[in-house]
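Undergrad: Take a look at this one; I'll ask things after.
The values are calculated or read from the model by the stated rules, or taken from the named source; none is laboratory data. Keep in mind that what you see is a predicted model, and the values were worked out from it rather than measured. So basically every Cβ, Gly included, is an ideal-geometry build from the backbone, and we count neighbours across all protein chains shown.
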Amino acid sequence: MIRLEKVSFSYDKQEIFRDLSLHVEKNEKVGIVGESGCGKSTLLKLIAGLYLPSEGKICVDGETDPARISRKVSVVMQAPMLLPMTIMENITMGHEYPAERIDRVCEEAQLSKWIGTLSEGINTYLGDRSDELSGGQAQRIAIARAMCKDAQIILLDEPTSALDAENTAAVLEALRRYTVDKTVVHVTHRPEHLKGYDRILKMEDLIGK
Ligand SMILES: Nc1ncnc2c1ncn2[C@@H]1O[C@H](COP(=O)(O)OP(=O)(O)OP(=O)(O)O)[C@@H](O)[C@H]1O
Ligand SMILES: [Mg+2]
């Protein structure tokens, strides 16, 4: 369950939106569309507890404290953040998970074939070489990371923007299966990626309500 009530947000002095309200029920799948720069990624970061609103209330699964909220939410950011660690550590982010779960999320995120070509496999270090990864490889690691965390609420920000058509179809299908019993907010410029979603909302319609 996600509830934003009359939320306003500014970066320094630049106000991005005022009085934005959004209610998403448990297990609901909601798409959000809107022109570039209107604040969609900012909205997801607010829901994820990464930013604080300048006004208004945010409640996610009964929590209002950003640190507690961020534990309950999995996010695939528009620009994936990889850390100087191995592929495995970038997926598990310091948590212990059963090997089968890690294998499964690599399979679902279409990473297994590529990992199989690396001499050190999933233990390949992505230190200074993280910028040698393709955008699509980085994005698929971020998707595997979000699936591995297995939070009830999944926030997706253009999660397949760097993938080719074949990988896009496979990852969207995997996300569809994976989120059957989850709450999803998915931001995209590609409404065809939101097939089967319960609601598709325009960012402008959330503001000033
Ligand atoms: N860290 C930041 N500091 C200052 N301004 C920012 C920051 N991040 C984003 N902005 C500004 O906030 C506005 C909204 O950005 P945001 O990334 O949320 O848009 P968006 O709707 O996700 O766009 P796109 O569809 O291109 O991804 C833009 O004008 C952007 O320039
Ligand atoms: Mg964005």
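Undergrad: List pairs: first in the range 32-55 and under 21 Å from ILE200 (Cβ atoms) and of a type in the set (Ser, Thr, Tyr), second more than 6 Å from ligand 1 (Cβ to nearest atom) and assigned to a loop (DSSP other than H, G, I, E, B), Cβ under 8 Å, 6+ apart or cross-chain?
TA: From residues that are under 21 Å from ILE200 (Cβ atoms) and of a type in the set (Ser, Thr, Tyr), the pairs are SER36/HIS189; SER41/MET77; THR42/TYR51.
Undergrad: Would you mind finding the one in GLU35, GLU55, GLU28 that is out of contact with any strand residue (DSSP E or B) (no Cβ under 9 Å at 6 or more places or on another chain) and either within 16 Å of ligand 2 (Cβ to nearest atom) or modelled with pLDDT of 95 or more (or both)?
TA: Every option except GLU35 fails the conditions.
Undergrad: Mind checking which residues of the range 138-165 are closer than 12 Å to GLN110 by Cα, more than 16 Å from ligand 2 (Cβ to nearest atom) and in contact with a strand residue (DSSP E or B) (Cβ under 6 Å, 6 or more places away or on another chain)?
TA: Across the range 138-165, the qualifying residue is only ILE143.
Undergrad: While we're here: Determine, yes or no, whether MET77 is of a type outside the set (S, T, N, Q), closer than 27 Å to LEU194 by Cβ, touching a residue at least 40 places away in the same chain (Cβ under 8 Å) and within 13 Å of ligand 1 (Cβ to nearest atom).
TA: yes
Undergrad: So in the range 58-68, with the set limited to residues that are touching a residue at least 24 places away in the same chain (Cβ under 8 Å) and surrounded by 12 or more Cβ atoms within 10 Å (Cβ to Cβ), which one is farthest from LYS182 (Cα to Cα)?
TA: ILE58
Undergrad: Right, here's the next one. Would you mind finding the one in SER54, SER36 that is of a type in the set (Ser, Thr, Tyr), surrounded by fewer than 18 Cβ atoms within 10 Å (Cβ to Cβ) and near ligand 1 (Cβ under 9 Å from one of its atoms)?
TA: SER36
Undergrad: Check ARG71 against each of (1) over 15 Å from the mean Cα position of the chain (by Cα); (2) surrounded by 12 or more Cβ atoms within 10 Å (Cβ to Cβ); (3) away from ligand 2 (no atom under 14 Å from the Cβ) and name the one condition it does not meet.
TA: That leaves (1) as the condition not met.
Undergrad: I've got another one for you. Take the conditions of a type outside the set (Lys, Arg), without any contact (Cβ under 8 Å) to a residue 12 or more places away in the chain and part of a helix (DSSP H, G or I) and apply them to GLU96. Does it pass?
TA: Answer is no for this residue.
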